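Quick notes on the structure that follows.
Values quoted throughout were computed directly from the atomic coordinates according to the rules given, and no laboratory measurement underlies them. Here the structure is a predicted model, which means the values were calculated and not measured. Counting neighbours? That spans all protein chains shown, and the Cβs are built from the backbone with ideal geometry, glycine included.
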Amino acid sequence: MQQPAGGRPETGGMSAKTASRDAEFTAYLDARQPQLLRTAYLLTGDRHQAEDVLQTSLAKLYLAWDKVRDRDSVDAYVRRIMVNENNSLWRRGWKKREFATEVLPDREFRDEYDEGLGAALWDVVQTLPKKARAVVVLRYYEQLTEAETADLLGISVGTVKSQCSRALAALRERVPAELNPGHREEDR
Amino acid sequence: MSDPEQLLRDALQHRADHTTYDATPVGEVESGARRLRRRRRTVGAGLAAAAAVVVVVVPLAVVANRDPGTDPAPTSTTTPGVPPSSSPPSTTPEPTPELGEPPRIAYAEGDRIHEPDGRVFRLPPGLGVSGFAAYRGGYLVADTRNFEGSVGLTRYDADGREVASWATTGVPVSSADGSVVAWTSYAPLESGITAPTLVHLGSAVGGGPELTQEIDLVQPGVVGVLGDEVVVQAAFAEDVWVTDLTASPRRIESLDRASAVSSALGLVAGSADAGAVGRVVDPATGEVVWERQGVTVGPFSPDGRYAVTTATKGGRREIVEALTGDVVAEVEASGNDDFPTLLELTWEDDAHLLGDLAYNCCAHLARVSLDGSVAPGGLRGDIGGTGFAFAFGS
């Protein structure tokens, strides 16, 4: 991961309270941004969109920093903003960045050990509706509980359960049969 | 976690870990925040004025007593342009052997609310429905939009016209007899709007005041209605409160989270010990009626005789005696064994539940009986769709 360039500009005359607040926010950013970027990437499916979604989310967090009283809940708060930002992208007529390159984008992450199943699953995840995809990412990647996922998304636990069930059924339907673990087990 | 779930998790982790990212320096975050603050000040002035109409005017229309008919109808801001729900009543769909009897309660799918008598209420497209309640001839509808950590809640009149709209957490909840509905409203933190967070309780059948009470909780959601009291759950906190919207809310100390209420029994279900224990408690005293490790409890049957428990690991569901927690039946697991089948359950009547059931290819609505057997529930949905929503009652 590229190291962040530059730092904050010198701000002489800052109050002690503001300095303490900014130091606390910076410490949070340094500690959690790498993980949040990964979550944002899984939500959006695009590295650049993920960076932009997270940047906007962190800006909103910065503005609300003093109001988030429970510091243990900051991650949950940011995840919620990220989900909402991702859901709102279409409203801004989001334009994908264009990068001139003579090298094909490394879209595939074929790992010799996963026999292509990981790539196939990822391809299907990208076709899920945004809400279902958010549930899948939060449950299976972030490993939030059903209750935590429901709280974060503002939906019922039952909806979380049904979304996960439907998503898994969709994966089962669309992943090529030869990649199905059960199918491969039968061949042995 | 089952094998397919573990495969999915591994695939997501592998993808996320092997992608390179450009982290945002804190200076750029702060610059972005300053731009956002300037934009909000421009937009927020207009929104604040609109919010004030909704939030301030409603409390002014409230009186402390609850005699119906002593107050004028709540002030509303009608939004023209929404077509009325002029769909003619359709005949109740004929049951088919493979689908079974259709639901005997109202349900929502897509942008339509279907009543058991065949009436269809058409909503503006694209908003989705996460929950709804019949209200004063029309509906209160929580949608599936997520704006700044909330969902939208809209009141529609009997002609399908939007009366008012605001932000809420969760869904509107009816009392067991459908006579009153409770919901919350608040200004999301990120909106920049300053407005109180309110709990609302209104007569669903028309007439009478809407009661409101300001409540100092972050993004509260209504769990249920117990008589003339509302059970409220705070987000991001282990806080469960009961309020009659006149006196100060009181906390239910024996619960961290609430999941359901039974107005027939006057009991509240929820969890404690960071979700490790499912409990049923008396909200008046905090007394624990019963508890069980490793389950969540709810919902209760309308007559208060039964409840549903769901194992926090594995998702196994059981129907239990509501007052003791004794197991009556285990809900059948069905569908493809490679993928766990999970049901979202709502009581259809005192002896049946309805829930989403996903097979390999399809999604159905299923009907669960008290012996735990599962049968088709009369509706087929789209795999990957948003499923069915029901009116949420206590």
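Side notes on the structure shown:
- A cut-off under 13 angstrom between Cβ atoms defines the neighbours of B:ASP177, and their net charge, with Lys, Arg +1 and Asp, Glu -1, is -2.
- Averaged over the residues of A:144-154, the number of partner chain Cβ atoms lying within 10 Å of the residue Cβ comes to 5.
- Sequence ranges A:29-35, B:172-178, ranked by mean other-Cβ count within 10 angstrom, highest first: B:172-178, A:29-35
- Pairs from the list A:LYS130/A:LYS161; A:LYS17/A:LYS60; A:LYS67/B:LYS313; A:LYS161/B:LYS313 with a Cα-Cα gap above 22 Å: A:LYS67/B:LYS313.
- Taking other C-beta atoms within 10 Å as the exposure proxy, A:LYS131, A:LYS17 rank A:LYS17, A:LYS131 from fewest upward.
- Taking 0.36 nm per residue of separation and subtracting the Cα-Cα distance, full extension of the segment from B:ALA237 to B:ALA284 would add 14.8 nm.
- Residues B:GLU109, A:GLU173, B:GLU348, sorted so that the one with the fewest Cβ neighbours within 10 Å comes first: A:GLU173, B:GLU109, B:GLU348
- Hz values of 3J(HN,Hα) by residue in segment B:10-15 - Karplus curve (6.51, -1.76, 1.60), Gly and Pro given as x: 4, 5, 5, 5, 4, 4
- Rounded FRET efficiency, nearest 0.05, which uses the C-beta distance separating B:ASP177 from B:LEU323 and R0 of 25 Å: 0.75
- Shielding score for A:20-29, defined as the mean number of other chain Cβ atoms within 10 Å: 2
- Mean Cα-pair separation over length for segment B:256-326, i.e. relative contact order, pairs under 8 Å, 6 or more apart, %: 24 percent
- Here the dipole of segment B:165-290 is about 180 debye; that uses its Cα centre as origin and unit charges on the Cβ of Lys and Arg (positive) and Asp and Glu (negative).
- Residues B:ASP143, A:ASP75, B:ASP349 arranged by fewest to most Cβ contacts within 10 Å: B:ASP349, A:ASP75, B:ASP143
- Gain on full stretching of the segment that runs from B:ARG37 to B:ASP159 - 0.36 nm per residue minus C-alpha separation: 40.0 nm
- Distance (nanometres) between label positions extended 7 Å along Cα→Cβ at A:GLU24 and B:ASP22: 3.1 nm
- For segment B:267-291, there are no residues whose amide N sits under 11 Å from a probe point set 7 Å from the Cα of B:ALA311 along the beta carbon direction.
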